[in-house]
Amino acid sequence: GEIRPTTETSGINSFDLIKKYAFENALYVDAEQQISDNFSVSYGLRMSSFLRLGQDELNVYENDEAVVFNQDLQIYEKARPIGTESSNRSDVIESFLNFEPRFSMSYQLNQNTAVKASYNRMSQYLHLLSNTSSPTPLDVWAPSGNFIKPQLLDQFAIGYFKTIQNDAYSLEIESFYKTIQNRIDYIDGADLIANNAIEQIVLNGRSRAYGLEILLRKNEGAFKGWLAYTLSKSEQQTPGRTPLETGINNGEWYSTPWDKTHDISLTASYKVSEKWSFSSNFIFQTGLPVTFPNGQYVYNGLSVPSFESRNASRLPSYHRLDVSAIYNPKPDSTKRWKGEWVFSIYNAYNRRNAASIDFRQNRNTGQNEAVRLAIFGIIPSVTYNFKF
């Protein structure tokens, strides 16, 4: 929450965000019960509360609306504060209380096979603010309060689990479905960095996610590893607060910034001897959703871009290969001091995965161009680990 210029000639002024305070606490009880030799259940209840405490300055808005809808332009805009309120740190300006039940059961079909099912309700009072169209190394968080309500999640899952050849192999298959209330999203043109009035750019909506996860493991022998695959969908919807408002994306469901249709992970390790072992890790993921410009128009001599529907496009697919070799010079040593060397290569084939794609006008040609930002290429490293 602090901004400081790095040089005396910097055009940036020193700035401190207003400090926010809260108190979160919870009580919970859990129980496990063996109904029969093959059937067991686990159930519990968690009671959580969140108290938003006073701060030096808090904006006040007409009709308690920090975001207003411009009927003429059909866009959302920041509301103009009509005043401010100050309160003591000991004051409670907003409070929330939620009950979070949880239940799971497991049925053993035979010695090697089981099926499981579960339900969970969870509350989250801190909200991560992230805008994929402007990537930043900063994590900006906002607490629940007058304008941002806690996120409430309900998740259902059912799974099938099997061990093969005396636990030499294992197979796990699980499907899930979850819904989230009070999922926040941002109006067009939202600026999240160094914003003292986050409530002016967020709207409350809902989201849902569902998918299928498969995990196959090899647990024994010199060669070990696993193959994991997830097929999933993550969407959110922010409808208008009244019939006259359009909402975000015209009130229709759209992909969340973290939606990945396919997620594959292949990990393998091979122990050559007591001194040497090798491992590798391959990852493939569907590119994250983004919103790209789909045209432009000229207004009073200025070129103004127009944009497609929210998160209608995707970044290129993400994939990389990591390899490593571990050398233990004295595996049979009885001394307390033990060490090993790790030689590794991150992103072995130097895949330039796109963290974002930005659009700009080329200074030489005057033509619009898309520019990829790739953060990490190939990274070799040598590490010495020790314990005593």
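Readers should treat all values here as calculations from the given coordinates under stated rules, not as data from a laboratory. Keep in mind that what you see is a predicted model, and the values were worked out from it rather than measured. When we count neighbours, we look across all protein chains shown, and the Cβ atoms used for this are built from the backbone with ideal geometry, even at glycine.
Charges only on Cβ, +1 for Lys and Arg, -1 for Asp and Glu: so what's the dipole of region 251-332 about the Cα centre, in debye to the nearest 20? Could you put the intermediate results ahead of the total?
On the way: 7 positive and 7 negative charges, 43 e Å.
Using Cβ point charges on Lys, Arg, Asp and Glu, region 251-332 gives about 200 debye.
Of the residues HIS127, PHE69, VAL304, the one whose Cα sits farthest toward the positive end of the charge dipole of the chain, with +1 on the Cβ of Lys and Arg and -1 on the Cβ of Asp and Glu, is HIS127. Among 303-310, 46-53, sorting by the average number of other beta carbon atoms lying within 10 angstrom of each residue, highest first, gives 46-53, 303-310. Taking 0.36 nm per residue of separation and subtracting the Cα-Cα distance, full extension of the segment from LEU212 to ASN362 would add 49.6 nm.
As a quick test, which of the pairs LYS162/LYS218; LYS149/LYS178; LYS178/LYS260; LYS224/LYS260 have an alpha carbon distance above 20 angstrom in this structure? Table pairs above 20 Å Cα-Cα are LYS224/LYS260. Relative to the current alpha-carbon distance between ALA355 and ASN25, full extension at 0.36 nm per residue lengthens the span by 115.1 nm.
Per-residue 3J(HN,Hα) values for region 111-128, derived from phi via the Karplus relation 6.51 cos²θ - 1.76 cosθ + 1.60 with θ = phi - 60°, read 5, 10, 10, 8, 10, 9, 9, 8, 9, 9, 10, 10, 10, 10, 9, 10, 10, 7 Hz in sequence order (x marks Gly and Pro).
Given a Förster radius of 35 Å and the C-beta distance between TYR299 and LYS233 as r, what FRET efficiency does 1/(1 + (r/R0)^6) yield to the nearest 0.05?
The calculated FRET efficiency here is 0.40.
Computed from the C-beta positions of ILE164 and LYS224 and an R0 of 22 Å, the FRET efficiency is 0.95 to the nearest 0.05.
In region 143-290, taking the dipole from charged Cβ atoms about the Cα centre, the farthest positive-side position among GLY189, ILE214, THR261 is held by ILE214. Qualifying GluC sites (Glu not before Pro) in region 211-303, where qualification requires a DSSP coil assignment and no more than 14 other C-beta atoms within 10 Å, comprise GLU220, GLU252, GLU274. One entry in [x] 43, 32, 24; [y] 36, 27, 17; [z] 34, 22, 21 is semi-axes √(5λ) of the Cα gyration tensor in Å calculated from the shown coordinates; its label is [x].
Using only side-chain charges placed at the Cβ, +1 for Lys and Arg and -1 for Asp and Glu, the dipole size of the chain relative to its Cα centre rounds to 1680 debye. Amide H contacts of ALA22: LEU53, each under 5 Å away and 5 or more positions distant or on a separate chain (H built 1.01 Å from N in the peptide plane; Pro and chain starts excluded).
Only the Cβ atoms of Lys and Arg (+1) and of Asp and Glu (-1) were treated as charged; on that basis the dipole of region 260-388 about its Cα centre amounts to roughly 420 debye.
Taken one residue at a time, the phi angles of region 140-152 give Karplus couplings (6.51, -1.76, 1.60, θ = phi - 60°) of 10, 10, 10, x, 5, x, 4, 10, 10, 8, x, 7, 10 Hz. Gly and Pro are set to x.
Of all the options ILE82, ILE164, ILE201, the one that moves most in a Gaussian network model of the chain with Cα springs shorter than 10 angstrom is ILE82.
When the chain is described by a simple charge dipole with +1 on each Lys and Arg Cβ and -1 on each Asp and Glu Cβ, the residue from MET47, SER14, SER106 located farthest towards its positive end is SER106.
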